[in-house]
Amino acid sequence: MAMRSHYCGLVTEALNGQTVSLCGWVNRRRDHGGVIFIDLRDREGYVQVVCDPDRPEMFKVAENVRNEFCIQVKGLVRARPEGTTNEGLKSGKIEVLCHELIVLNESVTPPFQIDDDNLSETTRLTHRVLDLRRPYMQNNLMLRYKVSMEVRKYLDENGFVDIETPMLTKSTPEGARDYLVPSRVHDGQFFALPQSPQLFKQLLMVAGYDRYYQITKCFRDEDLRADRQPEFTQIDIETSFLSEEEIRDMFQGMIKRVFQNTIGVDLGDFPVMTYQDAMHIYGSDKPDLRVKLQFTELTDVMGDVDFKVFSGAANMKGGRVVALRVPHGSVEGGGISRGEIDAYTEFVKIYGAKGLAYIRVNELAKGRDGLQSPIVKNIHDAALTAVLERTGAQDGDLIFFGADKAKIVNDAIGALRIKIGHSEFGKKNGLFEDRWAPMWVVDFPMFEFDDESQRYTAVHHPFTAPKDGHEDWMVTAPEKCISKGYDMVLNGWEMGGGSVRIHRADVQQKVFDALKITPEEAQLKFGFLLDALQYGAPPHGGLAFGLDRIVTLMTGAESIRDVIAFPKTQRAQCLLTQAPSPVDEKQLRELHIRLRNLDAVKAA
């Protein structure tokens, strides 16, 4: 018999009466008064092994095994005694009566129990190999594999070709810091790790490959959070001769199939919303449609109120005033308390808001006397009436306000909307709908103005095509120019984004002009792409999905670190390998690098 005939977790009642050979790790060993039970674990799950003292040699080995010993078991599959089945396991109706037990390798005492769910992330990442043995992590990574396979099958069926692009490439400005790699051969020069394969996949379209994809690593040296890593995995796709709508339809079909075939979820329809509407209603370009709260625009009615926070924002260039009505917010009704309002006030300050004004609607019929708020006396009747009518306020409601620069308002009140919607109060009061909520956000602006540099920057990247007829606005009014950009959003996470690309050199030059990128600078940074566009470049476009994010959403994990085998911490460190780490002087000399005094650099 082979060392292993079956996976532990796949031994079922269909094998009753058969002899099997299993290999795995001891999850638990239990001595029940002369009979030893071993819960044997592998990547497919658990099986219960019964060690009977009738076989003395085998039993002696069983007495000495401990947690995480790697063992081989040969035995007879039989039904569990009545009343002892475990419906939560595929193998829950059977057990294996052990005939032979071999210890393949012993284990020292592990730093934690593999089935312990109360582990700190530091412990898990430091001992990542053991953490990866946990069923939670094994299920996550197996699902990740299945997602990748479904993507590959769909793309193969639709004529896409998997083509690798370089990992050592040229440093180009794409929105985040590059990871630089010094060249030993070319003194003082550097490669960069790719932030994405964007330029190369466009070159492949010019080269005539028509439909390209790649599941590949990308690298960005940026501030980290739960949905970011310094290295992450993209499902990168590009295609020629398809319109924006055709591209969206094709890859909506891919994501729907992936969800259906891996976790049995039908994502249903994907509503389409413009960027302008998303920001107007939700303050976010990746709105979580499960939360039913929406913004109410008040900028136009607050310009002459005595409350300077509102009037100042309403009259400010780029200012905005909005309301967020929270139904049933009275204290008497068990709603949002004053203490919670204070906590929300501190919360919005994280996003740059200076405070959080509110009105509690106790009794509409009493007019001003039915409203509770320190700001009501400073808002005239017309503005107050507009607030109540536009929000559709009812008795018991709580109305929050945001007033500042539009970005601060959108960020702060958008985050408040999500926080309230996901809170226990929000769920109990029907402000959150537990469902899958996919959507497309389209018609992004081409540019946004950066106050610090006093110049326009690209919202997506400099190679995004403008809407037909918007080309001339790039010169005369860049702020009016809309792009053929699109993002796929699910439950408030951007799953993927892309655009139709610029395939004409004259249009690309107009974009560079709007961004104040000189011809010399453009040639230096993107010359190889600009040169290629001159040789009959086809209309093309595509998008990139975040594989880590897709699997995180599917599993309900709190962080993408839970779906990556060997992730970095939020400080961009690997606790398992202790990377990054110093290197010896000889390596630095070969690279022509000399480290400055780090203490002096930090002090400066």
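Structure notes:
- Computed from label points 7 Å out along Cα-Cβ, the spacing between Tyr145 and Trp493 is 2.1 nm.
- Shape summary: the range 318-383 maps onto an equivalent ellipsoid whose semi-axes, from the alpha-carbon gyration tensor, are 21, 18, 10 Å in decreasing order.
- Working note: Cα atoms of the range 468-556, range along each principal axis, descending, whole Å: 47, 29, 23.
- Per-peptide packing, taken as the mean over residues of other Cβ atoms within 10 Å, places 185-197, 310-322 in the sequence 310-322, 185-197 from highest down.
- Whether the range 70-114 is rounded, prolate or oblate, judged on the alpha carbon gyration tensor where a/c under 1.5 counts as rounded: oblate
- Between Glu82 and Lys153, the modelled label-to-label distance comes to 4.2 nm, taking each label 7 Å out from Cα in the direction of the beta carbon.
- Portion, in percent, of the accessible area of the range 313-472 that falls on carbon or sulfur, probe 1.4 Å: 48
- Within the chain, percent of DSSP bridges classed antiparallel, to nearest 5: 95
- The range 160-232 - Kirkwood radius from inverse mean 1/r over Cα pairs (Å): 13.6
- Protection proxy ranking of 390-399, 105-114, 537-546, by the mean of other Cβ atoms within 10 Å over each peptide's residues and highest first, is 537-546, 390-399, 105-114.
- Theoretical FRET efficiency, 1/(1+(r/R0)^6), r = Cβ-Cβ of Glu448 and Lys428, R0 51 Å, to 0.05: 0.85
- log10 of Debye I(q)/I(0), alpha-carbon scatterers only, for the range 269-367 at 0.13 Å⁻¹: -0.61
- Long-range amide H partners of Ala176 with built H, under 5 Å: none
- Sulfur and carbon atoms: percent of accessible area, the range 45-159 [1.4 Å]: 48
- Cα-Cα over 29 Å, subset of Lys407/Lys484; Lys60/Lys93; Lys349/Lys467; Lys201/Lys256; Lys170/Lys516; Lys170/Lys349: Lys349/Lys467; Lys170/Lys349
- Apportionment of accessible area to carbon and sulfur, the range 230-285, percent (1.4 Å): 45
- Cα-Cα pairs of the range 155-287 separated by more than 20 Å (percent): 62
- Per principal axis, descending, Cα span of the range 448-604 in whole Å: 55, 45, 36
- Between the residues Leu388, Leu180, Pro166, the greatest Cα displacement towards the positive end of the dipole of the chain, with unit charges on the Cβ of Lys, Arg, Asp and Glu, is found for Leu180.
- By the compact-protein rule of thumb, 2.2 N^0.38 Å, the alpha-carbon radius of gyration of the chain corresponds to a ratio of 1.19.
- Karplus-derived HN-Hα couplings along the range 59-69 (A = 6.51, B = -1.76, C = 1.60, θ = phi - 60°), whole Hz, x at Gly and Pro: 5, 5, 5, 4, 5, 9, 6, 9, 3, 6, 4
- Our compactness index for the range 511-604, the C-alpha radius of gyration over the empirical 2.2 N^0.38 Å, is 1.77.
- Distance between the range 465-541 and the range 253-283 - C-alpha centres, whole angstrom: 25
- Modelled label reach - Gln276, point 7 Å along Cα→Cβ, the range 472-490 residues with backbone N closer than 13 Å: 479-483
- Computed from Cα positions, the angle between helix 406-422 and the longest principal axis of the chain comes to roughly 40 degrees.
- Helix axis angle, 381-391 relative to the chain longest principal axis, alpha carbon, degrees: 30
- Annotation: the range 1-88 has a Kirkwood hydrodynamic radius of 13.4 angstrom, from the mean reciprocal C-alpha pair distance.
- Seen from Tyr7, the other residues with C-beta closer than 9 Å to its C-beta sum to a net charge of 0, counting Lys and Arg as +1 and Asp and Glu as -1.
- The calculated Kirkwood hydrodynamic radius for the range 346-438 is 14.7 Å, given to one decimal from all distinct C-alpha pairs.
- Highest mean packing comes first when the peptides 481-487, 337-343 are listed by Cβ atoms within 10 Å, giving 481-487, 337-343.
- In whole percents, the pair-distance distribution calculated for the range 104-231 from its alpha-carbon pairs, binned every 5 Å from zero, is 2, 8, 12, 13, 14, 14, 13, 10, 8, 4, 1, 0.
- Between Leu530 and Leu588, the contour length at 0.36 nm per residue exceeds the Cα-Cα span by 17.3 nm.
- Here is how the number arises for the chain: DSSP H runs of 4 or more residues each give -39500 (n - 2.57), the sum is divided by the residue count, and the result at 222 nm is -9000 deg cm²/dmol.
- Set of lysines with alpha-carbon distance to Lys292 below 17 Å, sequence-local pairs under 8 removed: Lys419, Lys427, Lys428
- Taking the longest Cα principal axis of the chain as reference, the axis of helix 135-157 is set at about 70 degrees.
- Average accessible surface for the chain: 49 Å² per residue, computed with a 1.4 Å probe over protein heavy atoms with every protein chain in place.
- Rg then Dmax, both in Å and based on the Cα atoms of the range 370-497: 19.7, 55.
- Shape category assigned to the range 84-149 from the gyration tensor of Cα positions, a/c cut at 1.5: oblate
The values are calculated or read from the model by the stated rules, or taken from the named source; none is laboratory data. All of these numbers come straight from a predicted model, not from anything done at the bench. FYI the Cβ positions are ideal-geometry reconstructions off the backbone, even for glycines, and counts take in every protein chain you see. Surface areas here come from the heavy atoms of the whole protein model, side chains and all, with no ligands, DNA or RNA. Shrake-Rupley method; radii C 1.70, N 1.55, O 1.52, S 1.80 Å.
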